[in-house]
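Heads up, the thing below is written out as structure tokens.
The values are calculated or read from the model by the stated rules, or taken from the named source; none is laboratory data. Remember, it's a predicted structure, so these values are computed and weren't measured experimentally. For neighbour counting, all protein chains shown are included, and Cβ atoms are generated from backbone atoms with ideal geometry for every residue, glycine included. Heavy atoms of the whole protein, side chains included, go into the accessibility calculation; ligands, DNA and RNA do not. Shrake-Rupley method; radii C 1.70, N 1.55, O 1.52, S 1.80 Å.
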Amino acid sequence: MASSSMAGQAGILLFGMLLLAFYGSLVLGSDPDIVTDFGINVTSGADLHFTGFRDLPEQPTGQVHITFAFDTEFPGVIGMGIAPALLKFGTDSVNSFHTHPRGAEIFVILDGELDAGIVDTANNLYTATLKKGDVFVFPMGLMHYQINRSKTKTATVLAAFASQNAGRVSLPPNMFNTEPRIETDIIMKSLFLDKKTVERLKASDFPTFA
């Protein structure tokens, strides 16, 4: 009975956060409006159905896997101003510093526990410990992160974005792994790093997310 109650609460939270993401997208206007019922040619319910979150495996220690259902993966969200993602955190793992330039993000913790942080434009850091059933919002464009500090428990999160494709700018990959590469001396002067450190970072195999 308790598990049924939790499932019902999770459903209510998900519905609420999707509504908030939807109305937030109307206010922010990050996606273009459509003048038809759907943003794609819909011929059956299958066009509005995404199954990519089914049976995703737990992640090993130190790894985070994100399954996006943006417009590129799930065309059904085109024109809707919303899109979800499912995040699987292995033990002792971090979703490192990043921003979403085209939409705010709402997190609901389905399982496990995470610490989250946001840095605003005045360089203030806001943090919170998120437990199962908790909801947290990340404003559009602000740098943020999440970390699973547990050595024994994984964590699963459902996210909703106020855009059909909120985008992601990841640090440090978007600084050190650009194509073509940013010139070494520019990074050295910007971050007060020596040449050897910059070249080592450029050669690093950073995790990347769509």
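The figures follow:
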item: Some residue of segment 97-114 being among the charged types (D, E, K, R) and over 29 Å from residue 54 (Cβ atoms); result: no
item: Contacts under 7 angstrom Cβ, first residue in segment 69-92 being farther than 14 Å from residue 53 by Cβ and aliphatic (A, V, I, L, M), partner open to solvent by less than 20 Å² (accessible area, probe 1.4 Å) and modelled with pLDDT of 95 or more, 6 or more apart; result: 82/160; 82/161; 82/162
item: Counted residues, segment 173-197 - those being modelled with pLDDT under 95 and in contact with a Ser or Thr (Cβ under 8 Å, 6 or more places away or on another chain); result: 3
item: Sole exception among (1) open to solvent by 70 Å² or more (accessible area, probe 1.4 Å); (2) in a loop (DSSP other than H, G, I, E, B); (3) not β-branched (Val, Ile, Thr) for residue 31, by number; result: (1)
item: Cross-chain or 6+ apart pairs with Cβ under 6 Å, segment 132-148 first and farther than 18 Å from residue 168 by Cα, then among the hydroxyl-bearing types (Ser, Thr, Tyr) and surrounded by 16 or more Cβ atoms within 10 Å (Cβ to Cβ); result: 148/93
item: Odd one out for residue 140, checked against (1) open to solvent by less than 60 Å² (accessible area, probe 1.4 Å); (2) at pLDDT 95 or above; (3) of a type in the set (A, V, I, L, M, F, W, C); result: (1)
item: Number of positions in segment 110-127 that are outside any strand (DSSP E or B) and crowded, with 21+ Cβ neighbours inside 10 Å; result: 0
item: Identity of the residue in segment 57-85, in contact with a strand residue (DSSP E or B) (Cβ under 6 Å, 6 or more places away or on another chain) and closer than 22 Å to residue 149 by Cβ, that ends up surrounded by the most Cβ atoms within 10 Å (Cβ to Cβ); result: 85
item: Enumeration of residues in segment 59-98 that are within 20 Å of residue 142 (Cβ to Cβ), of a type in the set (Val, Ile, Thr) and in contact with a Pro (Cβ under 9 Å, 6 or more places away or on another chain); result: 64
item: Filter result for the condition that a residue is of a type in the set (A, V, I, L, M, F, W, C), closer than 21 Å to residue 146 by Cβ, in contact with a strand residue (DSSP E or B) (Cβ under 8 Å, 6 or more places away or on another chain) and open to solvent by less than 30 Å² (accessible area, probe 1.4 Å), over 97, 53, 107; result: 107
item: Filtered residues of segment 149-191 (kept if touching a helix residue (DSSP H, G or I) at 6+ places or on another chain (Cβ under 9 Å), without any contact (Cβ under 8 Å) to a residue 12 or more places away in the chain and in a loop (DSSP other than H, G, I, E, B)); result: 182
item: Of all residues making up segment 159-175, the number that are within 14 Å of residue 98 (Cα to Cα) and surrounded by 23 or more Cβ atoms within 10 Å (Cβ to Cβ); result: 1
item: Residue in segment 149-156 that is in contact with a strand residue (DSSP E or B) (Cβ under 7 Å, 6 or more places away or on another chain), modelled with pLDDT under 95 and under 20 Å from residue 70 (Cα atoms) present; result: no
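Conditions (1) within 22 Å of residue 111 (Cβ to Cβ); (2) in a strand (DSSP E or B); (3) modelled with pLDDT under 95; (4) open to solvent by less than 70 Å² (accessible area, probe 1.4 Å), marked per residue:
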site	(1), (2), (3), (4)
4	yes, no, yes, no
10	yes, no, yes, yes
16	yes, no, yes, yes
35	no, no, yes, no
87	yes, yes, no, yes
